[in-house]
Amino acid sequence: MKIDVLTLFPEMFGGVLHTSMLGRAEANGILEFDIHNIRDYSLNKHKNTDDYAFGGGAGMVMMAQPIFDCMEDVLKGERARRILMTPRGRTLTPELARELAEEQRIVIIAGHYEGLDERISELIDDEISIGDYVLTGGELPAMVLIDCVSRFIPGVLGCSESAEDESFSNDGLLEYPQYTRPADFRGRLVPEVLLNGNHAEINKWRRRMSLLKTLENRPDLLEKAELTKADLEFLSLHGYEK
Ligand code: ADE
């Protein structure tokens with residue numbers, strides 16, 4: 001997949017995109033990143049990319065022209081899924097990430113300042129938010145989106161199953177606790193059940209831990225989770241009522 005980002009702060013992306021799993025996927029040719037500086041497309045002699053809002057109000061607005069010119073130069077008439085990161089967008093979910101992972105090419109606009117000239121909406125297919133909080137710009141959200149989508153692209157993760165076996169894929173429950181060696185760390189012991197090799201017992205314990213963690217941190221997820229009669233009985237012992 002080719003991923004282009006349009007931003008005023010290209011330097012923010014280097015560490016994240018060229019390191020760890022994303023860096024490896026890029027080295028293996030699975031992902032290709034191209035970061036474009038919107039400022040390079042300013043026609044203004046001071047290279048400004050923002051201006052006052054018509055109608056007044058606090059804060060500056062990103063101008064349409066540099067973003068239109070940048071997008072046209074990047075795409076050169078080719079097709080891509082064009083995304084604007086904005087807290088006004090629909091919320092990123094695993095379903096949306098999986099859908100985007102099917103694309104050959106995506107272009108992401110990372111907005112800044114109080115907002116963007118509304119005429120930019122003509123350039124985009126999706127407005128996406130990473131959650132109900134406002135960050136200082138769209139760069140971190142763009143990196144979150146890239147990371148999240150990449151996990152669903154075959155070959156990006158080391159093990160092909162890993163994208164399925166985690167919180168939010170696990171029947172809609174949060175992930176169970178994991179332990180590694182040593183079995184005794186400063187007197188804190190690994191639960192006995194994990195050491196005895198009884199896989200039926202281990203699976204039962206893990207399921208229960210997932211249920212408890214979800215009840216504790218995200219009880220809202222239990223409404224949509226796929227729960228068995230045994231799950232509901234276990235949860236009811238811990239105060240959950242459907
Ligand atoms: N820009 C600022 N906050 C954002 C958010 N929560 N999601 C996407 N883009 C943003």
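Computed from the coordinates by the stated procedures, all read-outs in this text should not be read as laboratory data. From a predicted model like this one, the values you see are computed outputs, not experimental measurements. Cβ placement follows ideal geometry from the backbone for every residue including glycine, while neighbour counts extend to all protein chains displayed.
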Handout entry: Separation of alpha-carbon centers, region 190-239 and region 1-60, rounded to whole Å
Key = 43
Handout entry: Degrees between helix 64-75 axis and first principal axis of the chain (Cα, 0 to 90, nearest 10)
Key = 70
Fill in the blank from the handout: Given a Förster distance of 30 Å, the FRET efficiency implied by the Cβ-Cβ spacing of Leu195 and Glu95, rounded to the nearest 0.05, works out to 0.20
Handout entry: Helix-only mean residue ellipticity at 222 nm for the chain, each DSSP H run of n ≥ 4 adding -39500 (n - 2.57), per residue, nearest 500
Key = -9000 deg cm²/dmol
Practice task
Could you pull the Cα extents of the chain along its three principal axes, largest to smallest, in whole Å?
Solution key: 71, 43, 37
Exercise for the section: Please determine, in degrees from 0 to 90 and to the nearest 10, the orientation of helix 199-217 with respect to the longest principal axis defined by the Cα atoms of the chain, where the helix direction is its Cα long axis. Expected result: 50
Handout entry: Total formal charge among the other residues, if their Cβ is under 9 angstrom from that of Phe234, Lys/Arg +1 and Asp/Glu -1
Key = 0
Completion exercise
Assertion target for Tyr179, Tyr41, Tyr240, Tyr52, ordered by fewest C-beta neighbours within 10 angstrom first, is Tyr52, Tyr179, Tyr240, Tyr41
Handout entry: Reach of Lys224 by Cα under 19 Å, taken over aspartates and glutamates that are not fewer than 8 positions away in the same chain
Key = Glu95, Glu164, Asp165, Glu166, Asp171, Glu175, Glu216, Glu233, Glu241
Exercise for the section: On a 0 to 90° scale, report how tilted helix 139-150 is relative to the longest principal axis of the chain, with both axes built from alpha carbons and the result rounded to the nearest 10. Expected result: 50
Handout entry: Among beta bridges that DSSP assigns inside region 2-150, antiparallel share in %, nearest 5
Key = 10
Problem - Cβ crowding within 10 Å averaged over residues, with 226-235, 183-192, 143-152, 122-131 ranked highest first - result: 143-152, 122-131, 226-235, 183-192
